[in-house]
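Step one of this worksheet: look at the structure below.
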Amino acid sequence: MEMQQIKFYQTGTFTVGNRLLEADQRSVQANMERTNSLNSGHRACQGCGEALGARYAIDAAMRAANNQVIACNATGCLEVFSTPYPETSWQIPWIHSLFGNAAAVATGVMAAMKVKGRKDVRVIAQGGDGGTTDIGFGCLSGMFERNDDVLYLCYDNEAYMNTGVQRSSATPPAARTATTMALGAEPGNAFGQGKNVPLIAMAHGIPYVATASVAYLRDLEAKVSRAMTVRGARYIHILVPCPLGWGAAPHDTIKLARLAVETGIFPLFEAEHGEVTSSNKIRHRVPVEEYLRPQKRFAHLFGKTPAVDTLARIQDMADRNIRKFRLMDERRHG
Amino acid sequence: MLKQCEGSHAIAESVALCRPEVICAYPITPQTHIVEGLGEMVKAGDLENCEFINVESEFAALSVAIGASAAGARTYTATASQGLLFMAEAVYNAAGLGLPIVMTIGNRAIGAPINIWNDHTDSMSMRDAGWIQLYAETNQEAADLHIQAFRLAEELSMPVMVCVDGFILTHAYERLDIPTQEQVDAYLPPFEPRQVLDPREPVSIGAMVGPEAFMEVRYLAHHKQMRALELIPQLSAEFGQVFGRESGGLMRTYRAEDAKTIVVALGSVNGTIKDVVDELRDDGYAIGAAAILSFRPFPSDALHELLSHAKRLVVIEKSLAVGIGGIVSHNLRMALSGISLHAYTVVAGLGGRPITKASLRSLFERALRDELEPLTFLDLNQAAIDRELAREQAQRRSGPSAENILRDLGVR
Ligand SMILES: Cc1ncc(C[n+]2csc(CCOP(=O)(O)OP(=O)(O)O)c2C)c(N)n1
Ligand code: SF4
Ligand SMILES: [Mg+2]
């Protein structure tokens, strides 16, 4: 299905008016028949981006797979808040094994479905940024390299939230976490070279890689649906703000997810077989400060003497993303 | 069918006859020939309906096995030594989830110092992970135990490790009886999982469990192993009926009925022990032996019964619990409650050190005279140790001791 470009001016909560669309263009969540794969009653914090992202992603996958989906979850917030014994929010077959093995467990499920001739059953692995970019990285890369028929969803909230907000390899520079305190000469997380797992996924040459954000839920659904049309290893990296870890208001989750995109800090793109095929253009470019300022994890940058140099470095990174992923509409901006 | 073949090859053929549906493989000596053999059968199309997956680590191997087993596939993998430690977290997880995976351990020492040869340190490190642990005495038994292992695992919904002495068994060529497909099919029914990931009947597996139920979940695992104490002899007896030979069980005794001295050990060393028992019997000593085939569950009652009339117990251990002595002996203490005898722990064969008949004979003779220390290290080169201790005494930076000892002994 070709997604129709919507161009109404969105205000307030930025929710997309489904009513204005043709029925087949409406979002999965707009449908009363949606599966509610991750049902209400779970224990996520108010405004949890991960809960929102997972609900949209899995429901979209369910629609695409005619409800034949099995999910394998890494340890982390999503696992803990969704299955407090003896309750579960999952309406789909779901397994949690360990923190670092979701991709491999999914390979096993996939193999079992293959021998049993259940090619209609689709397998999803999912985890947080820690479970994906750090401890689960070996299993993830192995799954990619074998091109196993698994869709991996990474819910990136940029730290180990479930254990109390410690730094992961997805934590951005300068961010304060419990292990990168806002202390000393260089407060917050160090500036490294970063570990861009979407790009690393692309380097495996797998058929489909995308980034998505909970501010663009229709885009997230479309990317999941697109991924489900493909066989082989697929990877979607979703930015999911965490009010608790980021020190942000629960009602700002969508706003922050949008600002991360509009600053260029978190580029949205799709790639096939190692090549970027499209990127979502920024419609209103904003300076990084607007994104950083509402988050307490960056509060030390805006003290009595603002950290001008640090802010410039972060702005630089955003600008580089904009050039690299062609995030500005070139016709309008040269 | 009788066949001259390598132990690993016989294990691979037995596993293949069990119609595994998913096999995960990662290389480590001395387990490699088993998975290579299976891989070849899958690739050649001789083993149908089976996914053979080459993974990037042992942690992934067992994790893939966990996923496959939870999705209802009969699943097999094999490892040894460092590989077993590398998958340790998944070893506990597979058991905690109650997944009937069968895994061969080609028993090998654990480094440092790195060493590829046989002892039992690897599987002993996982003895309390919740897996059933069977130790094969011979290659025929190793092959046979795998067939019993799938049956046992699936009946209890619990994973089983079949421990096979690295090189001594895995790489030995001998005449072995490979059963027919009809025999195995008659013995091992298709896998009917207790829990399965299926979109037609969604379940959540692996939820977080707090103090209100964790004890009960763990207790159930113990309960199942206690059930296995009954099931293992039954399955072994049934195996005897279908295949016409004795294999498996909880424990096997040798000339133990009237024995006042009993030697207990696990695995292939029992062959040598029996030869020495024969020699000493010829010389008039009332000595016998017992091979523990099932270390988990531990056959405490059977051992208690066996040892209740003995005067002496000699435990031959292929692993060392550093700082205390022997693991098997330690486990045996529970079974000795109310029995008074001289118990000797003998640590032997670490890192592949040969356990010879001559050494065992002189060891047992000393035991028969009650001249043995409670903890003995068989064939230990005390002089080399003393020289290294002296070097350490002489200078602070004495260097890496493993390398020092090799140089001292002139091993190059
Ligand atoms: C092997 C192992 N190490 C550490 C942990 C502790 N642990 C559980 S969840 C978690 C953090 C998860 O972080 P992430 O993957 O980013 O998910 P989030 O909770 O942020 O959604 C950690 C460190 C564990 N369960 N297992
Ligand atoms: S800590 Fe963050 S990721 Fe975890 S449930 Fe709360 S908001 Fe969601
Ligand atoms: Mg996280």
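The values are calculated or read from the model by the stated rules, or taken from the named source; none is laboratory data. If you're wondering where the values come from, they're calculated on a predicted model, not measured in any experiment. Positions of Cβ are generated from backbone atoms using ideal geometry, with glycine treated the same way; all protein chains shown enter the neighbour counts.
What to note about this one:
- Matching residues in region A:112-153 - criterion: being aromatic (Phe, Trp, Tyr) and surrounded by fewer than 23 Cβ atoms within 10 Å (Cβ to Cβ): A:Phe137
- Residue that is closer than 20 Å to A:Val150 by Cβ and more than 12 Å from the chain's Cα centre (by Cα), where the choices are A:Ile254, A:Ile206, A:Ile238: A:Ile206
- Conditions (1) crowded, with 24+ Cβ neighbours inside 10 Å; (2) under 24 Å from B:Asn93 (Cα atoms); number of the one not met by A:Gly188: (2)
- Residues satisfying the stated conditions in region A:59-80, i.e. within 16 Å of ligand 2 (Cβ to nearest atom) and out of contact with any helix residue (DSSP H, G or I) (no Cβ under 7 Å at 6 or more places or on another chain): A:Glu79, A:Val80
- Qualifying positions in region A:142-161 - within 16 Å of ligand 1 (Cβ to nearest atom) and either of a type in the set (A, V, I, L, M) or at the interface with chain B (Cβ under 9 Å from one of its Cβ atoms) (or both): A:Leu153, A:Ala159, A:Met161
- Annotation note: Cβ proximity below 7 Å between a residue of region B:145-174 that is assigned by TED's automatic domain parsing to the domain that holds B:Ala221 and over 27 Å from B:Gly352 (Cα atoms) and a residue that is part of a loop (DSSP other than H, G, I, E, B) and of a type in the set (D, E, K, R) (sequence gap 6+ or interchain) occurs for B:Phe150/B:Arg74; B:Ser157/B:Arg194.
- Checklist (1) of a type outside the set (Ser, Thr, Tyr); (2) within 26 Å of B:Ser247 (Cβ to Cβ); (3) facing chain A (nearest Cβ under 7 Å) applied to B:Glu6, failing item: (3)
- Restricting attention to region B:151-180, the residues being touching a helix residue (DSSP H, G or I) at 6+ places or on another chain (Cβ under 6 Å) and surrounded by fewer than 14 Cβ atoms within 10 Å (Cβ to Cβ) number 0.
Let's see how each residue does on (1) more than 24 Å from B:Asp283 (Cα to Cα); (2) assigned to a helix (DSSP H, G or I); (3) at pLDDT 95 or above:
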{"position": "B:Val315", "(1), (2), (3)": "no, no, yes"}
{"position": "B:Val346", "(1), (2), (3)": "no, no, yes"}
{"position": "B:Ile355", "(1), (2), (3)": "no, no, yes"}
{"position": "B:Ala358", "(1), (2), (3)": "no, yes, yes"}
{"position": "B:Glu365", "(1), (2), (3)": "no, yes, yes"}
{"position": "B:Ile385", "(1), (2), (3)": "yes, yes, yes"}
{"position": "B:Gln393", "(1), (2), (3)": "yes, yes, yes"}
{"position": "B:Arg396", "(1), (2), (3)": "yes, no, yes"}
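- Annotation note: of B:Gly271, B:Gly284, B:Gly248, the sole residue that is more than 14 Å from chain A (Cβ to nearest Cβ) and crowded, with 21+ Cβ neighbours inside 10 Å is B:Gly248.
- Answer residue from region A:165-187, given it is at positive phi and of a type in the set (A, V, I, L, M, F, W, C) and is nearest to ligand 2 (Cβ to nearest atom) among those: A:Val165
- In this structure, A:Asn189 does not qualify as assigned to a loop (DSSP other than H, G, I, E, B), within 14 Å of chain B (Cβ to nearest Cβ) and within 15 Å of ligand 1 (Cβ to nearest atom).
- Taking the listed residues A:Gly164, A:Gly138, the one that is away from ligand 3 (no atom under 15 Å from the Cβ) and over 16 Å from the mean Cα position of the chain (by Cα) is A:Gly138, with no other qualifying.
- Filter result (within 17 Å of A:Leu183 (Cβ to Cβ), surrounded by 18 or more Cβ atoms within 10 Å (Cβ to Cβ) and among the aliphatic types (A, V, I, L, M)) within region A:282-306: A:Leu301
- Residues (under 28 Å from B:Met158 (Cβ atoms) and outside any helix (DSSP H, G or I)) located in region B:281-313: B:Ala290, B:Ala291, B:Ile292, B:Leu293, B:Ser294, B:Phe295, B:Arg296, B:Pro297, B:Phe298, B:Pro299
- With a requirement of 2 or more residues that are at pLDDT 95 or above and either within 19 Å of B:Glu192 (Cα to Cα) or within 16 Å of the chain's Cα centre (by Cα) (or both), the helices (runs of 4 or more DSSP H) lying completely within region B:30-120 that satisfy it span B:58-70, B:81-86, B:88-96.
- The number of residues in region B:64-87 being in contact (Cβ under 8 Å) with a residue 40 or more places away in the chain, of a type in the set (A, V, I, L, M) and more than 7 Å from chain A (Cβ to nearest Cβ) comes to 4.
- Of all residues in region A:220-243, those satisfying the criterion of being surrounded by 19 or more Cβ atoms within 10 Å (Cβ to Cβ) and part of a helix (DSSP H, G or I) are A:Leu220, A:Glu221, A:Ala222, A:Lys223, A:Val224, A:Arg226, A:Ala227, A:Met228, A:Pro243.
- The helices (runs of 4 or more DSSP H) located wholly in region A:34-137 that include 2 or more residues which are facing chain B (nearest Cβ under 9 Å) and over 20 Å from B:Glu56 (Cβ atoms) occupy A:77-82, A:102-115.
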